[in-house]
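Contents: one structure, followed by commentary.
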Amino acid sequence: MILTDKKILEAIASGAIVIEPFDRSCLGTNSYDVHLGKYLAVYKDRVLDARKHNQIDTFEMDETGFVLQPGTLYLGVTEEYTETHNSVPFLEGKSSIGRLGIDIHATAGKGDVGFSNTWTLEISCTQPVRVYPGMPIGQLIYFLIDGEVENYYNKKQNAKYNERTDKPVESMMWKNF
């Protein structure tokens, strides 16, 4: 079941959902708009290795923005820090972003119950496009869970993305080997 605007507000009031900063005007009928943070990153090496820690170069955009280029994977980050304690958050791109040829996630659109952080975005584009810090980039949709949770993400010993950050985080797949 997808939470409506009223249910999202109730969950925020009870602490079951946290969105910082929260702006009521970003709340849609059944989603919450998130915004592109000021940091982007690219991998240092052109060839990535799933068994190794691939390093990234992080840079800060200014108000003039940055032109994304096709054929490059950019890691971005949401301005918003979020927590979910009784629902599963899904991050989807806004249709206006898709119509510019921008994808904001390759495979990682679903969060886990207990996820508490900003969202790293896996950004790619079909043609050059200028993006700006603070622009609407995606929307969070919340699905109510059914049943008790045994292992919240933020309590898992092996969770790889628990450290709070305002910068994009590279793949930690290498920790699985």
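The values are calculated or read from the model by the stated rules, or taken from the named source; none is laboratory data. Note that the coordinates shown come from a computational prediction; the quantities given were computed from them, not determined experimentally. Glycine gets a Cβ as well: all are built from the backbone with ideal geometry, and neighbour counts include every protein chain shown.
Quick notes
- Criterion: within 11 Å of the chain's Cα centre (by Cα) and either at pLDDT 85 or above or not in a strand (DSSP E or B) (or both) - qualifying residue of PRO168, PRO133: PRO168
For (1) loosely packed, with under 13 Cβ neighbours inside 10 Å; (2) of a type in the set (A, V, I, L, M, F, W, C); (3) within 22 Å of ALA41 (Cβ to Cβ), each residue gets a yes or a no:
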{"position": "ARG130", "(1), (2), (3)": "yes, no, yes"}
{"position": "PRO133", "(1), (2), (3)": "no, no, yes"}
{"position": "GLN139", "(1), (2), (3)": "no, no, no"}
{"position": "GLU148", "(1), (2), (3)": "yes, no, no"}
{"position": "LYS155", "(1), (2), (3)": "yes, no, no"}
{"position": "ASN158", "(1), (2), (3)": "yes, no, no"}
{"position": "TYR161", "(1), (2), (3)": "no, no, yes"}
{"position": "SER171", "(1), (2), (3)": "no, no, yes"}
{"position": "PHE177", "(1), (2), (3)": "yes, yes, no"}
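- Every condition in (1) assigned to a helix (DSSP H, G or I); (2) over 27 Å from VAL129 (Cα atoms); (3) within 18 Å of the chain's Cα centre (by Cα) is met by ALA13 except one, and the failing one is (3).
- Residue within segment 25-38 that is touching a residue at least 60 places away in the same chain (Cβ under 8 Å), touching a Gly at 6+ places or on another chain (Cβ under 9 Å), of a type in the set (A, V, I, L, M, F, W, C) and not in a loop (DSSP other than H, G, I, E, B) present: yes
- Meets criteria (of a type outside the set (D, E, K, R) and under 13 Å from LEU40 (Cβ atoms)) for SER116: no
- Residue in segment 141-150 that is under 14 Å from the mean Cα position of the chain (by Cα) and not in a loop (DSSP other than H, G, I, E, B) present: yes
- Among the residues making up segment 61-73, those that are touching a residue at least 60 places away in the same chain (Cβ under 8 Å) and either under 22 Å from LYS175 (Cβ atoms) or assigned to a strand (DSSP E or B) (or both) are PHE66, VAL67, LEU68.
- The test for being part of a loop (DSSP other than H, G, I, E, B), more than 26 Å from ASN154 (Cβ to Cβ) and of a type outside the set (Val, Ile, Thr) holds for ASP49.
- Index of the failed condition, GLU92 passing every other in (1) out of contact with any Pro (no Cβ under 7 Å at 6 or more places or on another chain); (2) assigned to a loop (DSSP other than H, G, I, E, B): (2)
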